[in-house]
Amino acid sequence: MTDETQEQQLTAAGNEMSASFLAAKKRSDETLAKLEANPGKFTMLTGDRPTGRLHLGHYFGSIRERVAMQERGVNTNIIIADYQVITDRDTTEHIQDNVLNLVLDYMAAGIDPKKTMIFTHSAVPAENQLLLPFLSLVTEAELHRNPTVKSEMEASGHALTGLLLTYPVHQACDILFCKANVVPIGKDNLPHVEITRTIARRFNERYAKKHPVFPEPAAILSDAPEIPGLDGRKMSKSYGNSIMLGATAEETAKLIKKSPTDSERRITFDPIARPQVSALLTTAGLVTGRDPKEIAEEIGEAGAGALKAYVIESVNNFLAPHRERRAELAKDMDYVRDVLHDGNARANAIAEETLEQVREAMGMKY
């Protein structure tokens, strides 16, 4: 292949991705308008892998929007994707503790288990059984093309496992078993929703032309800003640069105090030239609702010490109600387990009904 041919192919692929994103953005805007007008017609599925505690990035990136959807009257569902932990990890150590802490943080943040179904992968066999027919609807090439699979494999340093390769199809099972028609995501996860739409369409065309079984879900693309960690890198549990929702005020203060800055005394907001100082300003801006530039001007020559003191106070004030609710809920862990058991029971009933519809459509009811 010549360099010119390769360049042409890369350009064509880039144009295709751009067109795909623009189409998804248009669909997202149209869906959001319909949802605002009639939220009861929409079912949402979202979730997290229980690989550790939730942090401020999770709150501003997704949890806040989940609570808003719930309060609008959308049928909201949250999956704790425990099986997906082993896509790129060799151990399930601490997984029970992580799962229960997710439930605590969800409820402390405003998720109401009476309105939102919270459940785990491993407790819903019928949902996971959908993986078998769904795998027959995608090609190996389509799985290998998924950019999320590639990036997660590279980040993990592991060989590509069968579970990681089929991860997008497993996510399709999560979305489609409860007939979710909206999935709030960031731009990076758009390929997962696109493959889910493809699977739903192919299943209906192959097995259920007269009576389609699955909706083709729309991605609602998040407008949440990229939330940097305290060191200017992406906020991540593995980097140790995250402010956990369940951390104490003292732990939060200690973490912020030791966060790196730079040698320049005057505080300015410049994410490119001063990523670490700007990360602190961004955090303060998010929790206070203020413009980071305005905060920088206010602190000015007072330096990094004054900036860190402002961030500590702002974050601790913001998280105080969450921590109070969380501590109260943690006094009764039996109730937290009951919430999960109830969500699992509800999810099982839905999954079994959907699996029956799938078997019937495929002529596999004997």
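Tabulated data
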item: Exposure rank, largest accessible area first [F42, F318, F203; 1.4 Å]; result: F318, F42, F203
item: Relative contact order %, region 247-331, counting alpha carbon pairs below 8 Å whose residues are six or more apart; result: 33
item: For the chain, calculated [θ]222 nm from helices alone, where every DSSP H run of n ≥ 4 adds -39500 (n - 2.57); result: -18000 deg cm²/dmol
item: Set of lysines near K41 by C-alpha distance (under 25 Å), chain-local residues within fewer than 8 positions excluded; result: K25, K26, K114, K115, K179, K187, K209, K210
item: Residues of region 137-168 with amide N under 11 Å of the 7 Å Cα→Cβ point at D90; result: 158-159
item: Accessible area per residue, Å², region 247-331 with all protein chains present, probe 1.4 Å; result: 53
item: The chain - percent of accessible surface contributed by carbon and sulfur, probe 1.4 Å; result: 52
item: Whole-number percent relative contact order across the chain, with pairs defined as alpha carbons under 8 Å at least 6 apart; result: 20
item: Under-5 Å amide H pairs with G229, H placed in peptide plane, nonlocal only; result: K234, M235
item: Accessible area of region 87-195 divided out per residue, in Å², using a probe of 1.4 angstrom; result: 41
item: Long-range lysine pairs (8 or more apart or interchain), region 235-366, Cα under 21 Å; result: 9
item: For region 239-282 and region 284-307, distance of Cα centres in Å; result: 11
item: Rough spin-label spacing in nm, given labels placed 7 Å along Cα→Cβ, for N348 and S222; result: 3.1
item: Residue of L22, L164, L130 that the Gaussian network model of the chain assigns the largest fluctuation, springs spanning Cα pairs under 10 Å; result: L22
item: Neighbourhood net charge (10 Å Cβ-Cβ; Lys/Arg +1, Asp/Glu -1) for N101; result: 0
item: Point-to-point label distance, K25-R359, nm (Cα→Cβ direction, 7 Å offset); result: 4.5
item: Under 5 Å, built H, 5+ apart or other chain: amide partners of T76; result: M44, M117
item: Under the span-like rule (Cα at least 18 Å along the axis, Kyte-Doolittle mean at least 1.0), DSSP H helices of the chain; result: 275-288
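The values are calculated or read from the model by the stated rules, or taken from the named source; none is laboratory data. None of the values given here were measured: they were computed from a predicted structure. Cβ atoms come from the backbone with ideal geometry, glycine included; neighbour counts cover every protein chain shown. In case anyone asks, the SASA skips ligands and DNA or RNA and just uses the protein heavy atoms, side chains included. Shrake-Rupley method; radii C 1.70, N 1.55, O 1.52, S 1.80 Å.
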